[in-house]
Amino acid sequence: MSNYAGTVHAVYPDAVYLDTSIGMLAILTNAHCLAPFSAVVPSTKALTRYEIEEGQQVLLGNERIEIPEAEFTVDLSQATDYDLSLDSIRAVFLPNDYDIRLRHILRAIETNAKEDDLGPIVTDAKPNEYSETLKPLLPRLHAAFREQDPAECREAASAIAGIGAGLIPSADRLLCGYMAGYAALSAALGRSFNRVLEMTRELAGTSAAHTTELSGAFLLQSGEGLVSEDLFILLRNTLSDAAYSTLIASANRIAALPLGGGADLLVGVYLSLSMLYSEAPVN
């Protein structure tokens, strides 16, 4: 960290998002796992009780995050650093039981299904408004990635992004999971990370322009191959010989996130891992 400034973008009981010149940063409580550009801090009370408000100035520097108006400071001098880039994922490969591992992810989606999530895209659950809207749009996305066609990727992304409710719409979570699955699968198949980024950056850049500012920030991080700690672990467990119990636990942890959206993320992961598989490495 150097000396940067920004503003408070949004405040929630378990997360504060900071809009800065180096991107959207987050202060998270331990209700979350670690995410890209974030710090997880122990807190005995909700972050909304610290008098933090949207628009307040944020100062970054000297291993500290400060919100002076709220008299709120996070000391990062003793923090542990984690690399959440899928460029750093190691010892991944296509296991002989790949199909079984994908079924465990699918089962986690089914087990933790909610009425308004995107599970019906990949399960037999009753469709809802968002799953019905998105499902016919996905074949174009799959084709664009199979053919490595940036123009088609942009068209597919512009049609999909932003579908759903809230500051982080369901479709955007799906796209984040899709990019993560594609990047991890590519690592297992021996594709170069730079080649992967050519497609994910196209998808992320176009998607970010068609959704909310906060969701767009998450999409851009995903386009750089950055994922949450839980998702990193899930992908590593899927593309290895990790015990099924470990894989199932990591899938259920994401699908059952108390803050919501985990099933939509897993739908994206499942789609890319199942639809973009090819035994032939592309360098």
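Only the coordinates and a few stated rules stand behind these numbers; no lab work does. Not measured: the values here are computed from a predicted model. Neighbour counts are summed over all protein chains in view; Cβ atoms, including those assigned to glycine, are modelled from backbone coordinates with ideal geometry.
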Which of [x] 19.8, 62; [y] 17.9, 59; [z] 18.7, 56 gives Rg and Dmax of the Cα atoms in Å as computed here? It is [z]
Loop by DSSP (not H, G, I, E, B), at most 16 other beta-carbon atoms within 10 Å: where is the longest site-free stretch of the chain for trypsin sites (Lys or Arg not before Pro)? 115-283
Just to check I understand the Karplus step: with θ = phi - 60° and J = 6.51 cos²θ - 1.76 cosθ + 1.60, what whole-Hz values come out for the range 64-79, glycine and proline as x? 9, 10, 10, 10, x, 4, 9, 6, 10, 9, 10, 8, 9, 5, 10, 6
Using helices alone, I'd like the mean residue ellipticity at 222 nm for the chain: each DSSP H run of four-plus residues gives -39500 (n - 2.57), total over residue count, nearest 500. -13500 deg cm²/dmol
Roughly how many whole Å is it from the C-alpha centroid of the range 52-125 to that of the range 143-196? 16
Output the Kirkwood hydrodynamic radius of the range 4-75, Cα pairs only, in Å rounded to one decimal. 11.9
Taking the Cβ of Gly55 as the centre, find all other residues whose Cβ is under 11 Å away and add up their charges (Lys, Arg: +1; Asp, Glu: -1). -4
Which of the helices in the chain meet the span-like rule: DSSP H, Cα axial reach of 24 Å or more, Kyte-Doolittle mean at least -0.5? 170-189
Need the list of lysines near Lys114 for cross-linking: C-alpha distance under 22 angstrom, and skip anything on the same chain fewer than eight residues off. Lys126, Lys135
How much net charge surrounds Gly223 when only other residues with a Cβ under 10 Å from its Cβ are counted (Lys, Arg +1; Asp, Glu -1)? -1
Low-density loop cleavage sites - GluC sites (Glu not before Pro) in the range 56-109, where at most 15 other Cβ are within 10 Å (DSSP): Glu63, Glu71
With the cut-off at 1.5 for a/c, could you classify the range 170-283 from its C-alpha gyration tensor as rounded, prolate or oblate? oblate
How big is the dipole moment of the range 2-91 about its Cα centre under a simple scheme where the beta carbon of each Lys and Arg is +1, that of each Asp and Glu is -1, and everything else is neutral? Debye, nearest 20, please. 240
Quick note, the range 101-151: a/c under 1.5 would make it rounded; otherwise a/b > b/c is prolate and the rest oblate (a ≥ b ≥ c, C-alpha gyration tensor); here it is oblate
Let a ≥ b ≥ c be the square roots of the eigenvalues of the Cα gyration tensor of the range 80-123; is it rounded (a/c under 1.5), or, if not, prolate (a/b larger than b/c) or oblate? oblate
Neighbour-limited loop hits for GluC sites (Glu not before Pro), the range 112-143 (at most 10 other Cβ within 10 Å; DSSP other than H, G, I, E, B): Glu115
Positive minus negative residues near Tyr130 (Lys, Arg vs Asp, Glu; Cβ under 13 Å): -3
Placing +1 on the Cβ of each Lys and Arg and -1 on the Cβ of each Asp and Glu in the chain, which of Asn112, His210, His32 has its Cα farthest towards the positive end of the resulting dipole? Asn112
Percent RCO, i.e. relative contact order, over the range 4-75, from Cα pairs under 8 Å lying at least 6 residues apart: 29
Taking every DSSP beta bridge with both residues inside the range 23-163, roughly what % is antiparallel (nearest 5)? 70
